1. Looking only at the range 554-563, decide whether some residue is modelled with pLDDT of 90 or more, assigned by TED's automatic domain parsing to the domain that holds residue 399 and either over 28 Å from the mean Cα position of the chain (by Cα) or assigned to a loop (DSSP other than H, G, I, E, B) (or both).
2. I want to confirm something. Restricting to the range 685-704 and keeping residues that are at pLDDT below 90 and under 17 Å from residue 651 (Cβ atoms), which single residue is surrounded by the fewest Cβ atoms within 10 Å (Cβ to Cβ)?
3. Let me spell it out: the conditions are (1) farther than 30 Å from residue 468 by Cα; (2) surrounded by fewer than 18 Cβ atoms within 10 Å (Cβ to Cβ), and residue 116 meets all of them except one. Which number is the exception?
4. Among the residues of the range 536-546, write down those that are closer than 18 Å to residue 478 by Cβ and surrounded by fewer than 16 Cβ atoms within 10 Å (Cβ to Cβ).
5. So which residues in the range 348-374 are under 22 Å from the mean Cα position of the chain (by Cα) and in contact (Cβ under 8 Å) with a residue 12 or more places away in the chain, if there are any at all?
6. Just one of the numbered conditions (1) under 30 Å from residue 423 (Cα atoms); (2) in contact with a strand residue (DSSP E or B) (Cβ under 8 Å, 6 or more places away or on another chain) is not true of residue 160; which one?
7. Among (1) touching a helix residue (DSSP H, G or I) at 6+ places or on another chain (Cβ under 9 Å); (2) modelled with pLDDT of 90 or more; (3) under 29 Å from residue 660 (Cα atoms), there is one condition residue 594 misses while meeting the rest; what is its number?
8. Can you pull out the residues in the range 259-296 that are within 28 Å of the chain's Cα centre (by Cα), in a loop (DSSP other than H, G, I, E, B) and closer than 29 Å to residue 197 by Cα?
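The values are calculated or read from the model by the stated rules, or taken from the named source; none is laboratory data. These numbers come from a predicted model, not from an experiment. Because the Cβ atoms are built from the backbone with ideal geometry, glycine has one as well, and the counts that use them run over all protein chains shown.
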């Protein structure tokens with residue numbers, strides 16, 4: 001099995017039949033409390049286990065400015081920085097975990113419901129080329145009216161023109177710029193703004209002729225050359241993705257190689273009576289998304305250039321395809337433009353089957369839709385940093401981009417019955433589910449290379465930073481309180497599983513431990529509320545605690561796998577994963593397996609103990625052992641039942657460990673000198689504070 005690299009993975013989303021919708025959802029109100037409703041407060045402490053960064057949202061960058069490098073903060077009355085984690089970040093983090101644990105739906109509000117696009121030049125009969133060549137690609141001029149509507153004025157014809165011809169007939173130096181040289185300016189904008197281009201007129205008269213695409217090929221291209229007796233037309237330039245070599249047979253017959261790279265531009269021939277094509281609103285929306293219209297970080301330089309001219313009432317060149325009825329199919333700014341997929345995210349399972357009924361997460365956190373809205377009953381405070389725990393690190397340079405949801409080998413469940421990938425052209429494709437970043441043991445450096453234009457800079461806080469906050473809630477049922485506590489604490493296992501928070505999670509930043517420090521104004525303990533939630537979910541799915549959703553969630557929250565595979569693949573890897581053949585060698589198509597499959601993990605959920613068992617009364621331990629080996633075997637069997645020892649039993653264990661240490665039992669001391677026993681067994685039995693106290697008293701556990 002090929003292991004594909006990815007810093008993220010997915011937890012399966014429930015089908016509509018699996019979604020839990022509480023029978024009290026339509027009775028939730030801010031005005032009329034439940035008879036059994038409770039209001040209260042949860043005190044929380046967050047500890048950064050790796051460096052953490054959350055960008056300062058108060059400092060909005062201006063146009064052409066980079067985002068601030070500063071961690072989220074405000075300036076207090078003494079002029080000092082006070083770092084904090086915004087409540088919205090914390091709320092989103094906990095909500096996502098609750099959605100998974102409570103079998104709630106994928107949150108449509110957090111999903112970019114776009115029609116993604118693709119371009120695949122790897123084969124003449126693949127999905128892209130088949131759709132692209134279904135109808136002739138033509139040229140035209142797009143306009144925008146005062147209401148923002150777009151139309152495409154069709155040209156009489158479209159032809160290619162060689163860079164050699166541009167140099168000889170127009171004095172344009174593109175051939176010299178790009179022949180065996182990587183272009184400094186790769187965009188159409190760079191060509192149009194070249195000094196020599198600005199000095200000439202792009203309109204002229206041209207004649208057309210056919211030329212074989214390569215020597216001996218039956219396939220020909222429609223070419224153009226300047227001709228005083230020809231037809232009126234206009235030169236159109238597109239981007240230059242790479243250096244090139246030319247087919248020079250017309251100049252020197254001894255040159256027998258074919259051209260590679262882009263060696264041609266275009267001529268759009270004037271139509272004296274042009275016809276117009278309407279661009280509908282969906283096509284306009286899809287086009288803008290493809291070219292990053294509303295995303296400054298992904299805005300196409302060419303679209304940025306052309307849209308300014310469009311707004312000024314100028315016509316801009318586009319390439320397009322129309323069907324036999326004269327209906328626009330698709331269009332773009334280059335000849336081989338990206339094609340929009342047939343379907344949006346919302347057209348696919350499970351989203352397309354989801355009903356309007358409210359799931360458990362929506363009843364707690366609220367929702368906002370066109371027809372209906374409800375304010376949540378859970379309020380998060382900002383996480384305020386403890387000054388003594390904060391250390392700001394130096395500026396980090398990193399590349400934080402990754403594949404979009406358009407990358408179907410990762411984001412869609414694979415494969416089809418014929419062995420091919422599902423894509424967004426397939427209505428029966430299924431979304432993978434909730435996207436999660438597995439936690440890592442430490443932060444990593446980003447490989448920058450030559451990608452200096454896409455670097456993000458930020459100043460993280462070092463690991464060990466602590467933040468405190470309060471979560472207040474109003475009119476929650478006891479099972480709802482339990483759901484909230486379970487999402488915060490990973491169902492009471494907060495010492496073993498970690499949340500991911502903030503930026504640069506793919507690089508290992510933002511691994512945080514969340515501890516519940518206290519409850520106020522409530523009737524029961526945190527464990528008892530979580531038992532209520534557990535009983536509720538088990539009544540719907542008796543195997544809830546050991547379900548695939550819980551297993552995948554907890555496995556990614558634990559980490560501890562080979563982190564070499566938790567990296568972004570190279571650009572070439574992304575291309576190869578979609579191919580059946582690489583370097584002329586047959587291979588299987590690749591896909592992103594689930595996290596537990598990828599790393600061949602045992603079912604982690606089997607180690608999770610239900611609260612019905614964990615809340616069983618603990619009798620006082622009787623420890624008749626004189627050595628560490630026998631003691632550890634017994635205690636590990638006991639803690640597997642209870643998950644955590646009572647304070648009384650921790651005291652009994654502490655006394656026994658002191659007794660064994662002071663007896664100077666040789667084999668026991670040999671083991672207790674090793675740090676692994678203190679970070680593992682002894683921490684698990686005693687908790688962090690008692691472990692540190694004992695370790696410092698006797699100076700043990702300092703050897704690797």
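1. Looking through the range 554-563, at least one residue is modelled with pLDDT of 90 or more, assigned by TED's automatic domain parsing to the domain that holds residue 399 and either over 28 Å from the mean Cα position of the chain (by Cα) or assigned to a loop (DSSP other than H, G, I, E, B) (or both).
2. Filtering the range 685-704 for residues that are at pLDDT below 90 and under 17 Å from residue 651 (Cβ atoms), the one surrounded by the fewest Cβ atoms within 10 Å (Cβ to Cβ) comes out as 689.
3. With (1) farther than 30 Å from residue 468 by Cα; (2) surrounded by fewer than 18 Cβ atoms within 10 Å (Cβ to Cβ) applied to residue 116, the lone miss is (2).
4. Across the range 536-546, the qualifying residues are 538, 539, 540.
5. 348, 349, 350, 351, 361
6. Of (1) under 30 Å from residue 423 (Cα atoms); (2) in contact with a strand residue (DSSP E or B) (Cβ under 8 Å, 6 or more places away or on another chain), only one is false for residue 160: (1).
7. Of the numbered conditions (1) touching a helix residue (DSSP H, G or I) at 6+ places or on another chain (Cβ under 9 Å); (2) modelled with pLDDT of 90 or more; (3) under 29 Å from residue 660 (Cα atoms), the odd one out for residue 594 is (3).
8. Listed by number, the residues that qualify are 291, 292, 293, 296.
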